[in-house]
Amino acid sequence: GAGVSQSPRYKVAKRGQDVALRCDPISGHVSLFWYQQALGQGPEFLTYFQNEAQLDKSGLPSDRFFAERPEGSVSTLKIQRTQQEDSAVYLCASSRGTWGYEQYFGPGTRLTVT
Amino acid sequence: TQLLEQSPQFLSIQEGENLTVYCNSSSVFSSLQWYRQEPGEGPVLLVTVVTGGEVKKLKRLTFQFGDARKDSSLHITAAQPGDTGLYLCAGAMSYNNNDMRFGAGTRLTVKP
């Protein structure tokens, strides 16, 4: 069956540009997570959605980062006025329920800010 | 400072050798998960341990959760080149697993 998909897989942006990263979770999955993984590090939590509700955005590093999931399915992570320190792999994960379910990760979007 | 410290950071061994990697923290977790991540892919869950002292086996992989639920280890017996990858541990800060904190990982290379 289809897993979590993310697009684009690679994105190069000039400093100051805005970018939008898309996540298509597994169909029917209630929970959706965004993580940032810097080179040589483990994933760092950014934000969590339960259906269309953003229940936790404590990991977003600045107000330049914004995420939405308007219909409780596809999600978009937007980064405004990108900076070099935003360069990382952005991972999306989804899970079936809201309590203790396995998170399934997408392949990530590698963002490089030049 | 990472909430979860993984060691060693890098490990290169020959096929057939045994190895153990560690995941340590001063925090108590409601559960702990181990993932393997390959280049260009997202992490894939290997196991979840919940009870202090719990031991789980997955073929040649043995996972142990510390009695105090602050640390964990992964032991691989007779490593194979297919075991090569980044091994990540992640601790759940709450019982619903919606607040996972990852370590930086151990990058394992198994040479044929």
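Read the figures in this text as sums done on the coordinates, not as results from a lab. The structure displayed is predicted, hence computed values, not measured ones. In this analysis, Cβ positions are derived from the backbone assuming ideal geometry, glycine residues included, and neighbour counts consider all displayed protein chains.
Projected over every direction and averaged, the convex hull enclosing the alpha-carbon atoms of chain A yields 6.7 nm². Dipole magnitude for the stretch B:5-111: computed about the Cα centre from +1 point charges on Lys and Arg Cβ and -1 point charges on Asp and Glu Cβ, it is near 120 debye.
Since only B:THR62, A:PHE66, B:SER72 are under comparison, the one whose Cα sits farthest along the positive direction of the charge dipole of the protein assembly as shown, derived from C-beta charges on Lys, Arg, Asp and Glu, is A:PHE66. The alpha-carbon atoms of the stretch B:5-111, seen along their principal axes, cover 38, 29, 22 angstrom, with the largest extent given first. Restricting attention to the protein assembly as shown, lysine pairs at least eight places apart or on different chains and with alpha-carbon atoms under 27 angstrom apart total 12. Place +1 on the Cβ of every Lys and Arg and -1 on the Cβ of every Asp and Glu in chain A, take the dipole about the Cα centre, and give the residue among A:GLN36, A:ALA53, A:GLN84 whose Cα lies farthest towards its positive end. The Cα lying farthest towards the positive end belongs to A:GLN84.
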